[in-house]
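Undergrad: Let me give you the structure first, and then I'll get to my questions.
The values are calculated or read from the model by the stated rules, or taken from the named source; none is laboratory data. Keep in mind it's a predicted model, so treat the numbers as computed, not measured. Glycine also receives a Cβ, built like all others from the backbone with ideal geometry; neighbour counts cover every protein chain displayed.
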Amino acid sequence: MKEPSKVHIIAEAGTNHGGDPGMARHLVDIAVQSGADSVKFQIIYPDGLYLPEIFENGSYSKNEVFEARSRMMLSDTEWLELSRYCEGRGIPASASVFDIRGLLLLDSWNPPYIKIASCDLNFSELLKEAASHGRRIILSTGMATEAEIENAVGVLEKTGHRDIVLMHCVSAYPCPLQDMNLRFLEFLGQFGYPTGLSDHTESSLAAAVAVGMGVQYIEKHFTYDRSAQGFDHAYAMDPQSLTQYVNDIRDVESSLQPRPGKLSETEKTVAQRARRSLYAARDLKPGEVIQADDVLTVRPQHRLRPDDISRVLGAATHRPIRRYEPIPEDLIS
C-alpha cells in the first residue's frame, strides 16, 4: 500500500452506536463532516471476547459486560449495510476485530486496513489470520512491553507480512497528557514500519507533537454525545471537538511543510514596517561629510540597513539630502 502523503486520521466510532444502525450511520456522517480520512468501528461478538458467566467462589454469575456487549451488537447484515453506507458517503471504513468471525466479516468490506487492538497484541492466532488476508495491519501497542511488541512484529513477519503500522497507545481512558510517553514513538520507529498514535488524551496537543515526530496515522475516539450511556462516550470527542482536532492536525502539518528560504511573504511584508533603516537627521548639503549625529536608525525599512552605518559615516554627500529622507545607496557604492 502506498504511504499516505499526509497523516491519516482515523475517526474511531468504536461501539458508540449502541447497537442502533441509524446511530451508526450518524457516526459515519460526523466522521465525514470532521474531515477524517477513515471511520473505524469495533466488531465485537461477545462470545469471541468474553465469558458469558463468571465462575467465582463455587458459583456462576452473569457477566454484565457480556450482557451489555450483546445488547450493543449490530447484525452481520447491518454491518454490511453500514459498510455500503460508508462507501456511498465516500469515506473508507474499517474496524477493530477480536476474533476470526469478526475478521472474516470485516474482510468482506474490502477495508483499507485491519485494526488489531492493544488487548490482542499477544493473540498470535488472530495476528496470523489477519496477516493471511494481505491487508495493512494497524497494531496498537497499549499495555505492551518492548518484548511483547517485538514478539508481535515477529509473528507477523514470519508469515511474510510487512504491511504494518505500529500505533503508540497508552491504555488509560482518558489519558493525562503527562502520561503519554511520546518518546516511545522512537522505539516503535526502530522496526522500520510507519508509526501512529492512538490518542486517548482530551486535546490535540499530543497529536501535534506526534505529527512533529513523524507519525503517519492518528486514531481518535469520537461520539455524538459524551453523556450517552456506553463504554467509550465519556472520553470520546464530540462532533465539534473532533472537527477542531482534525483541523489542528492539518494546521500542524502545514507548519511543517518545507519551503525554499526562511522568509515567508508575510514576514517580508512585516519587515517593511518593523525593521530599521538609515535616515538623515537634518538637511545635508552636497559635499558634507556625514557624522554619527547626522544619521537616525529608525523604522520603516528602506534600502540601507543598520549594519551599513560604518560605511555611511565619513562618506561625502553627492546631492542634497532632506531631513528624514532615507540615506541614498550611492553613498556606499
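Undergrad: So, in the range 84-102, how many residues would count as being in contact (Cβ under 8 Å) with a residue 60 or more places away in the chain and part of a helix (DSSP H, G or I)?
TA: Qualifying residue count, the range 84-102: 2.
Undergrad: Additional query: Exactly one condition in (1) at negative phi; (2) surrounded by fewer than 13 Cβ atoms within 10 Å (Cβ to Cβ); (3) in contact with a Ser or Thr (Cβ under 9 Å, 6 or more places away or on another chain) is not met by residue 287; state its number.
TA: Here residue 287 clears every test but (1).
Undergrad: Another question, if that's okay. If you check 6, 40, which single one turns out to be among the charged types (D, E, K, R) and crowded, with 16+ Cβ neighbours inside 10 Å?
TA: 40
Undergrad: May I pose another question? Looking only at residues that are within 28 Å of residue 136 (Cβ to Cβ) and of a type in the set (S, T, N, Q) in the range 217-242, which one is farthest from the chain's Cα centre (by Cα)?
TA: 223
Undergrad: When the range 238-296 is examined, which residues are found to be part of a loop (DSSP other than H, G, I, E, B) and within 30 Å of residue 7 (Cα to Cα)?
TA: Selection gives 238, 257, 258, 259, 260, 261, 262, 263, 264.
Undergrad: Another one. Quick one: what pairs do we get from the range 45-61, first residue touching a residue at least 40 places away in the same chain (Cβ under 8 Å), second part of a loop (DSSP other than H, G, I, E, B), C-beta under 7 Å, 6+ apart or different chains?
TA: 45/99; 48/98; 48/99; 49/98; 49/99
Undergrad: When you go through 284, 296, 278 one by one, which is the residue that is over 16 Å from residue 13 (Cβ atoms), of a type outside the set (Asp, Glu), at pLDDT 95 or above and in contact with a Leu (Cβ under 6 Å, 6 or more places away or on another chain)?
TA: Selected residue: 278, the only one of 284, 296, 278 that is over 16 Å from residue 13 (Cβ atoms), of a type outside the set (Asp, Glu), at pLDDT 95 or above and in contact with a Leu (Cβ under 6 Å, 6 or more places away or on another chain).
Undergrad: Moving on. Restricting attention to the range 136-189, report how many residues are in a loop (DSSP other than H, G, I, E, B) and within 17 Å of residue 120 (Cα to Cα).
TA: Number of matching residues: 9.
Undergrad: Is there a residue in the range 33-54 that is out of contact with any Phe, Trp or Tyr (no Cβ under 7 Å at 6 or more places or on another chain), within 30 Å of residue 212 (Cβ to Cβ) and part of a helix (DSSP H, G or I)?
TA: Scanning the range 33-54, I find at least one residue that is out of contact with any Phe, Trp or Tyr (no Cβ under 7 Å at 6 or more places or on another chain), within 30 Å of residue 212 (Cβ to Cβ) and part of a helix (DSSP H, G or I), so the answer is yes.
Undergrad: Which count do you get for residues in the range 292-319 that are farther than 27 Å from residue 271 by Cα, loosely packed, with under 13 Cβ neighbours inside 10 Å and not aliphatic (A, V, I, L, M)?
TA: Final tally of qualifying residues: 3.
Undergrad: Return the pair list, or none, for Cβ contacts closer than 7 Å from residues in the range 175-203 that are in the same structural domain as residue 239 (by TED's automatic domain parsing) to residues that are of a type in the set (D, E, K, R) and modelled with pLDDT under 95, at least 6 apart or on different chains.
TA: Once the first residue is in the same structural domain as residue 239 (by TED's automatic domain parsing) and sits in the range 175-203, its partners that are of a type in the set (D, E, K, R) and modelled with pLDDT under 95 give 194/3.
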